[in-house]
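Everything below concerns the one structure shown next.
The values are calculated or read from the model by the stated rules, or taken from the named source; none is laboratory data. A quick note: this is a predicted structure, and the numbers were derived from the prediction, not measured. Virtual Cβ from ideal backbone geometry, glycine too; neighbours counted across all protein chains shown.
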Amino acid sequence: MSDEPLKNKDEIEKDVRAALRSEPRLGPAFHLRALQIEADGAVILDGQVPSVAAKKIVLEKIAAIPGVAGIVDRLHVEPATQMSDGEIRVHVRDAMIEEPAFEQLEIRECVGGQFQLTRGVPQGARGTIDIEVHEGIVTLNGAIPGLTSRRLAGVMAWWVPGVRDVVNGIEVSPPEEDSPDMIEEAVRVALEKDPLVNASQIRVGVRNTWVRLTGAVAANAERDAAERDAWCILGVDNVINEIEVIP
């Protein structure tokens with residue numbers, strides 16, 4: 001047990017704000033709507049962030065602060081396009097239906113508070129993806145085989161431009177043990193599925209939960225898209241983008 005004295009709420013709040021101010025990757029678009037420190041040292045975050053990367057950077061920075069007992073994450077990403085919940089749901093649903101990796105899965109969507117089967121599988125489903133959207137937040141549930149498929153479903157939801165957050169509650173059945181190799185596989189699959197990226201030009205390395213991207217692409221937009229894909233992978237805590245742009 002550490003002999004370091006426990007910090008009070010004011011000290012933890014001061015450390016949290018200092019940590020966020022010191023992080024240049026967050027940029028001027030980042031702001032907290034509310035920051036609350038509970039008596040037990042839990043930090044409640046509420047606000048809007050410019051990207052999935054910014055959201056994960058904030059969570060990692062705060063989790064590393066001594067005295068922080070936990071984080072209640074109410075941070076949401078500023079949507080690239082304003083869309084209604086119904087529009088978002090349709091985009092996510094159609095993407096799941098069209099994805100070849102999900103062709104043996106039942107797809108259900110929540111409409112008016114009730115789940116309805118959107119795409120069944122005549123020869124017997126290997127799993128189910130349930131889609132629900134509320135205030136721009138996509139919640140995915142169900143059970144499917146494969147950690148990589150679970151991660152792919154989350155990335156595909158993030159690709160819809162009106163989405164503010166993705167809560168990926170899909171279970172993996174049968175269970176699989178996670179590892180850096182599994183994260184690397186999911187990043188590679190996401191890059192291959194992204195029409196904005198030439199995955200053959202990009203190399204992926206993973207250490208623990210950190211991803212390093214190297215290689216060469218033709219445009220900054222492609223470099224940025226590859227980094228966004230990596231950040232959107234469930235379980236990735238940091239992305240080091242060393243991709244060169246060679247027009």
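Remarks
- Cross-chain or 6+ apart pairs with Cβ under 6 Å, the range 233-247 first and in contact (Cβ under 8 Å) with a residue 40 or more places away in the chain, then part of a strand (DSSP E or B): Leu234/Asn168; Val236/Val211; Asn238/Trp210; Val239/Val211; Ile243/Leu213; Ile243/Gly215; Ile243/Val217
- Subset of the range 89-142 [assigned to a loop (DSSP other than H, G, I, E, B), crowded, with 16+ Cβ neighbours inside 10 Å and charged (D, E, K, R)]: Glu99, Arg126
- Yes/no for Arg150 being in contact with a strand residue (DSSP E or B) (Cβ under 7 Å, 6 or more places away or on another chain) and buried (at least 22 other Cβ atoms within 10 Å of the Cβ): yes
- When the test is whether a residue is at pLDDT 95 or above and assigned to a loop (DSSP other than H, G, I, E, B), Asp178 passes it.
- Condition met for Val155 (touching a Pro at 6+ places or on another chain (Cβ under 8 Å), modelled with pLDDT of 95 or more and either of a type in the set (A, V, I, L, M, F, W, C) or assigned to a loop (DSSP other than H, G, I, E, B) (or both)): no
- Pairing residues of the range 41-66 that are in the same structural domain as Arg25 (by TED's automatic domain parsing) with residues that are of a type in the set (Gly, Ala, Ser) and part of a helix (DSSP H, G or I), at Cβ distances under 7 Å and at least 6 apart in sequence or on separate chains, gives Lys61/Ala19; Ile62/Ala19; Ile65/Ala19.
- Scanning the range 167-200 for residues that are β-branched (Val, Ile, Thr) and either more than 18 Å from Glu222 (Cα to Cα) or assigned by TED's automatic domain parsing to the domain that holds Arg89 (or both) yields Val167, Ile170, Val172, Ile183.
- Here the condition is being over 21 Å from Glu99 (Cα atoms), of a type outside the set (A, V, I, L, M) and part of a helix (DSSP H, G or I); of Glu227, Glu192, it holds for Glu227 alone.
- Arg203 vs. criteria out of contact with any helix residue (DSSP H, G or I) (no Cβ under 8 Å at 6 or more places or on another chain) and of a type in the set (D, E, K, R): yes
- Filtered residues of the range 130-155 (kept if under 16 Å from Val236 (Cβ atoms), over 10 Å from the mean Cα position of the chain (by Cα) and of a type in the set (A, V, I, L, M, F, W, C)): Leu147, Leu152, Ala153
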